[in-house]
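The values are calculated or read from the model by the stated rules, or taken from the named source; none is laboratory data. Bear in mind that the values here come from a model prediction, so they are computed numbers and not experimental data. Quick reminder, even Gly has a Cβ in these numbers, built from the backbone with ideal geometry, and neighbours come from all protein chains shown. What goes into the accessible areas is simple: the full protein's heavy atoms, side chains included, and nothing from ligands, DNA or RNA. Shrake-Rupley method; radii C 1.70, N 1.55, O 1.52, S 1.80 Å.
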Amino acid sequence: MKDFTKYISQIKNKEFAPIYFLYGDETFFIDEITAALQENVLTEEEKAFNQHIFYANEIDAEDVILQARQYPMMAERQLIIVKEAQAYDKQLNAFEAYFKNPVPSTILVINYKYKKPDGRTAYAKAVKANGLLLESNKLYENQIPEWIYNLLKKRKLKAQPNVIQLLAESIGDDLSRISNEVKKLAMVLNPGEELTLELVEKHIGISKDYNIFELTKAIGVKNKKKAYLIAHHFTQNPKDHNFVFYLGLIFSFFHKLMLYHALPDKSRTSVAKILGVSPFFVKEYEIAAQNYPLKKVTAIISLLRDTDMKSKGLGVGSNTTEKDLYNELLFKILH
């Protein structure tokens, strides 16, 4: 994440590398660096003749290299972007000679998503020596709230931890969607304005009352009525509330609760650091720990695994509806 910010800053300062080999499972960072290069390398007038966007399944590697060796027309540089370059698995070695001696006036961007190149190959070593070989990793669950906080800060918006947590738990690790939602909010809110639960509901459509964040809170305090009401709302709107995704978040809650039980130091600062949550939420785990002893937590984690199997059509009861799965799960958790 820090490297991502650093390279974006360099690009905006017109400090370019001749090669950007961008790879990994988190497509958001790959797309953002690529977009920053498109915005900053060439002027709009220069793009007509000097910006080339290719898709690997539509053009041979040799033809990309041939274009990369050309000189720009009436511009200082040319920008070449190769998308879906994972289709080049058997042709990547063809780039070795070019990577060893890139043309200074060409900026070549390789988007190699969902895969990792073999760092021992000659072409990978050549990129490291003469350009940038950047891995874009998925953020860990506990990193997403901080990332959202920084994203809001960048847009000059404020938000309380519960609002950030709602966004993180409702949208998950889809960074592109989170970024788009924050951009949308920045367009309708004034700089310095505080983002509230009501504004999230109004502009993003995430209910402040019926969301996975509120469900885990209700489970933690054993508010049976609220938990069943929220689950019922989810089953009435299944397209907006993915059962398997939410099940994973409930599992995460109880996994953290199991860690909490095992902590020798239960000071809020220590708990927040180890669980990867804001100190604002530690009280929720303190209350939940009183309601769910370690033995019960262990049984619930086993129950969640069984429910996950059923939801995927595996094991006994695999034909159970989502409504019945929620009801059975909540009954066994709350009693």
Return the only residue of ASP25, ASP63 being under 24 Å from ALA129 (Cα atoms), over 24 Å from the mean Cα position of the chain (by Cα) and open to solvent by 40 Å² or more (accessible area, probe 1.4 Å). ASP63
Wholly within region 265-335, helices (runs of 4 or more DSSP H) carrying at least 2 residues that are modelled with pLDDT under 95, open to solvent by 40 Å² or more (accessible area, probe 1.4 Å) and closer than 20 Å to LEU247 by Cβ: 294-311, 322-334
Those residues of region 86-131 which are of a type in the set (Phe, Trp, Tyr) and buried (at least 17 other Cβ atoms within 10 Å of the Cβ) amount to TYR88, PHE95, TYR98, PHE99, TYR112, TYR123
Taking first residues from region 165-189 that are in contact (Cβ under 8 Å) with a residue 24 or more places away in the chain and under 18 Å from ASP31 (Cβ atoms) and second residues anywhere that are assigned to a helix (DSSP H, G or I) and aromatic (Phe, Trp, Tyr), the pairs with Cβ under 6 Å that are 6 or more apart or on different chains are LEU175/PHE28; SER176/PHE28
Give all pairs with beta carbons closer than 8 Å in which a residue from region 22-39 that is free of Cβ contacts under 8 Å to residues at least 60 places away in the same chain meets a residue that is surrounded by 19 or more Cβ atoms within 10 Å (Cβ to Cβ) and aliphatic (A, V, I, L, M); count only pairs at least 6 apart in sequence or on separate chains. ALA36/ILE11; GLN38/LEU79; GLN38/ILE81
Kindly establish whether SER252 is of a type outside the set (D, E, K, R), touching an Asp or Glu at 6+ places or on another chain (Cβ under 7 Å) and in contact (Cβ under 8 Å) with a residue 60 or more places away in the chain. yes
Check whether at least one residue in region 99-111 is assigned to a helix (DSSP H, G or I) and modelled with pLDDT of 90 or more, and report yes or no. yes
Could you run through region 182-209 and say how many residues are assigned to a helix (DSSP H, G or I) and open to solvent by less than 20 Å² (accessible area, probe 1.4 Å)? 3
On the given criteria, is TYR246 of a type in the set (Phe, Trp, Tyr), in a helix (DSSP H, G or I) and over 26 Å from LYS323 (Cβ atoms)? no
